[in-house]
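*Asks:* Supplied in C-alpha cells, the structure appears directly below.
All of the numbers you see were taken from the coordinates with simple rules; none came from a lab. Bear in mind the structure is a predicted one, so any value in this text is a computation, not a measurement. FYI the Cβ positions are ideal-geometry reconstructions off the backbone, even for glycines, and counts take in every protein chain you see.
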C-alpha cells in the first residue's frame with residue numbers, strides 16, 4: 001500500500017483571497033479535507049480506486065459549497081440538471097450520466113451505469129428511469145435549494161446570460177468536483193461530477209460526463225478529472241490528451257498535465273484545471289486560473305488542501 | 001482544388017453478400033453515390049469542408065436505408081431519438097446534439113449549435129427548443145416511420161434486448177452515417193449522425209455525438225467519423241486516438257487508422273470502422289467487420305462506393 005494516492009478538486013477559476021472571508025475559506029478547506037479523507041480511508045482499508053473516487057466525489061456532492069449534487073446551481077428553468085462520469089483504469093470500463101434531476105449522488109449513478117448496464121452513457125429521463133430501476137437514492141427539489149445559488153440565478157433569470165460559476169457574480173469559476181486515486185492493487189480511477197452552469201438552457205452538457213474530455217482513467221497512463229470552460233475541454237479532448245502525451249511522447253505525468261493545461265488548452269482559449277495520478281503514485285494538480293479548490297494525500301505523509309495558486 | 005477529397009460511411013457490421021438482394025445492394029450503392037456526390041459537388045464549387053460533410057450526411061439522413069434522420073430505428077418506447085455531431089478542423093469549433101426527436105436533419109442542428117450557440121453539446125428537449133429557436137425543420141413522427149424498422153422493433157419490444165443494427169435481426173450492424181472532407185482552402189471537417197439502437201432504453205447515448213470518440217477534426221492531423229459498438233468507441237476515444245497517433249508518433253493517416261481499428265480497438269473488444277481524411281487529401285476507410293457501407297471521391301478521379309470487405 002506504499003503508493004496509495006488520492007487527489008480531489010472542487011472547481012477552478014477566479015478564486016482570490018479577497019473573494020473569500022476567513023470563515024468561508026476555513027469552511028471550504030474543512031470540507032475538502034473531509035472529502036479527501038473519505039477517499040483516502042477507503043484506499044487505506046484496501047478498497048479499490050473506484051471505491052475511493054466515488055467516496056470523495058459523493059462527499060463533495062453532499063456539501064452545498066460545491067456545484068455538484070446538493071450544491072448544484074439553477075438552470076434557466078429553476079431546476080437542477082447534473083452530469084457525472086467515472087472510469088476504471090484497470091478495465092477501461094466507464095459510466096456516465098447527463099442532465100439528470102433529483103438523484104442525490106450522480107457519481108453513484110455513473111458507477112451503476114458502468115457496472116449494471118450494457119451502456120456507458122445515459123441521459124435525461126432515461127437515466128433517471130435507470131436510477132429508479134437500480135434503487136438509487138432520490139431527493140426532492142428542496143434538498144437542492146440553496147439561498148445563495150437561488151439569488152445568483154434570480155439575478156440572471158430571464159436573460160440570455162449564464163454563469164460558468166456557482167459562487168459569485170463577479171467571479172468566473174468552474175463549478176465541478178472530481179477525484180482521482182491509485183489503490184493498493186495498483187489500479188487508478190477517475191470520477192467527475194457537476195451541477196453545470198447557472199441559468200444554463202437548451203440542455204447544455206459540458207465536459208464532465210464526456211469520457212476523454214472531462215474524465216479518463218487507464219492504468220497504462222494515468223487517471224484525470226477536469227474542471228474548467230467545458231466547451232474548450234471537449235474540443236481539446238483534455239483528459240485523454242494528457243494520457244496520449246504520456247503514452248506516445250513519454251512525458252511524465254507532471255509534464256503532460258502542464259503541457260495540456262498551460263499550453264495546448266490556452267492556445268484555443270480554454271481555462272481551468274485538472275487533477276491526475278499515475279500507477280507510480282505521482283500526483284499532479286495543474287490549473288491556469290487564479291485558484292482551484294484542491295487536495296492531495298498519500299501514504300508517504302503528504303496531506304494538504306489548498307485553494308489559491 | 002487538386003486535393004479536394006471526401007469519404008462517407010453508412011454504418012459497418014456483419015454485412016455479407018448473402019444478406020443483401022441484388023436489388024437492395026443496387027439501392028444502397030445508388031444512395032451512397034448520391035450522398036457522396038452531394039458533398040463532392042459542394043467541394044468542387046468552392047464550398048467549405050463543413051458545407052460538404054453537412055450535405056453528404058443530410059443526404060444519408062434523408063434516405064430510409066440508413067439509420068439516421070428519416071431512417072432512424074425505434075427506441076423501447078416506439079419513438080426515434082437521434083444523435084449527431086460536427087467539427088471544423090480549421091477552428092476546432094464543434095457542435096453536437098443527443099437524444100433529439102422530430103428534427104429532420106440532426107446534422108444541420110449540430111452545425112447550428114456550433115455556429116449559433118455558446119455551447120458544444122445540447123441534449124434532449126433543450127436541444128429541440130434550440131432547434132425551434134433557430135427555425136430548424138421538424139417532421140411529424142410518421143415521417144420517421146418505416147415498416148421494416150417497425151417490424152424489427154416489434155420483434156424485441158417489451159424485452160431487454162436491443163439491437164445495434166437497423167437492418168436485419170440476424171445481422172449485427174452499426175447504424176450510423178458520417179462524412180469527412182478536405183476542401184479547396186485546405187481545411188478538413190467531420191460529421192456523424194445516428195438513430196441509435198433498436199429498442200434502446202434509459203436514454204442511451206453512443207459515440208456519435210461525442211467529440212473525440214465518434215467524431216473529430218483538426219487540420220493539424222485529420223478528420224474522422226466512426227461507426228461501431230459505440231460503448232467501446234467511447235472508452236477508446238477512437239477518433240482522437242487516430243489524431244494523436246499522427247501528431248505524436250508520426251504515423252501516416254492510413255497507419256494510424258489501421259492501428260486504432262485493427263489493434264487498439266480490438267484489444268478491448270470493440271468492432272466497427274471509421275473514415276478519415278487529412279490535409280494532403282489522403283483518404284482512409286478502415287473497418288474490422290465484414291462490411292461497411294462506404295464511398296470516396298477526389299479530384300484525381302477516384303470515385304467509388306462499396307459495401308463488402
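*Asks:* For the range B:1-136, what does the alpha-carbon gyration tensor say about shape, rounded, prolate or oblate, given a ≥ b ≥ c as the root eigenvalues, a/c under 1.5 as rounded, and a/b over b/c as prolate? List each step's numbers first, then the result.
*Replies:* Numbers: a/c = 2.32, a/b = 1.15, b/c = 2.01.
Taking the square roots of the gyration eigenvalues as a ≥ b ≥ c, the range B:1-136 is oblate.
*Asks:* Once a ≥ b ≥ c are taken as the square roots of the eigenvalues of the Cα gyration tensor of chain A, is the result rounded (a/c under 1.5), prolate (a/b larger than b/c) or oblate (a/b not larger than b/c)?
*Replies:* Working: a/c = 1.41, a/b = 1.22, b/c = 1.16.
Taking the square roots of the gyration eigenvalues as a ≥ b ≥ c, chain A is rounded.
*Asks:* Given contacts defined as C-alpha pairs under 8 Å and at least six residues apart, what's the relative contact order of chain A, whole-number percent?
*Replies:* Relative CO of chain A lands at 26 percent.
*Asks:* Say a label goes 7 Å from Cα toward Cβ at residue A:250 in every copy; what distances in nm does this one have to the rest, shortest first?
*Replies:* 1.3
*Asks:* Please give the calculated 222 nm ellipticity per residue for the protein assembly as shown, where each DSSP H segment of at least 4 residues contributes -39500 (n - 2.57) and the sum is spread over every residue; nearest 500 deg cm²/dmol?
*Replies:* Taking each H run of at least 4 residues, the total per residue is -9000 deg cm²/dmol.
*Asks:* What is the order of A:145, A:74, fewest Cβ neighbours within 10 Å to most?
*Replies:* Lowest count first: A:145, A:74.
*Asks:* When a footprinting reagent is the concern and you count Cβ atoms within 10 Å, what order do A:286, B:115 take, fewest first?
*Replies:* Working: A:286 24, B:115 13.
Fewest-to-most ranking of A:286, B:115: B:115, A:286.
*Asks:* With a ≥ b ≥ c the root eigenvalues of the C-alpha gyration tensor of the range B:109-258, is it rounded (a/c under 1.5), prolate (a/b larger than b/c) or oblate?
*Replies:* Working: a/c = 2.23, a/b = 1.35, b/c = 1.65.
Judged from the Cα gyration tensor, the range B:109-258 comes out oblate (a/c at least 1.5, b/c at or above a/b).
*Asks:* Quick one: Cα centre-to-centre distance for the range A:53-86 and the range B:95-155, in angstrom?
*Replies:* Here the answer is 28 Å between Cα centres.
*Asks:* Of B:80, B:150, how do they rank once you tally other Cβ atoms within 10 Å and put the fewest first?
*Replies:* B:150, B:80
*Asks:* Between copies, how close do the residue A:45 label points come, placed 7 Å along Cα→Cβ, listed in nm from shortest?
*Replies:* 6.6
*Asks:* Quick one: Cα centre-to-centre distance for the range B:237-303 and the range A:221-287, in angstrom?
*Replies:* The distance from the Cα centre of the range B:237-303 to that of the range A:221-287 comes to 25 Å.
*Asks:* Another one. Measuring label to label, 7 Å along Cα→Cβ, what does residue B:133 give against each other copy in nm, shortest first?
*Replies:* 3.2
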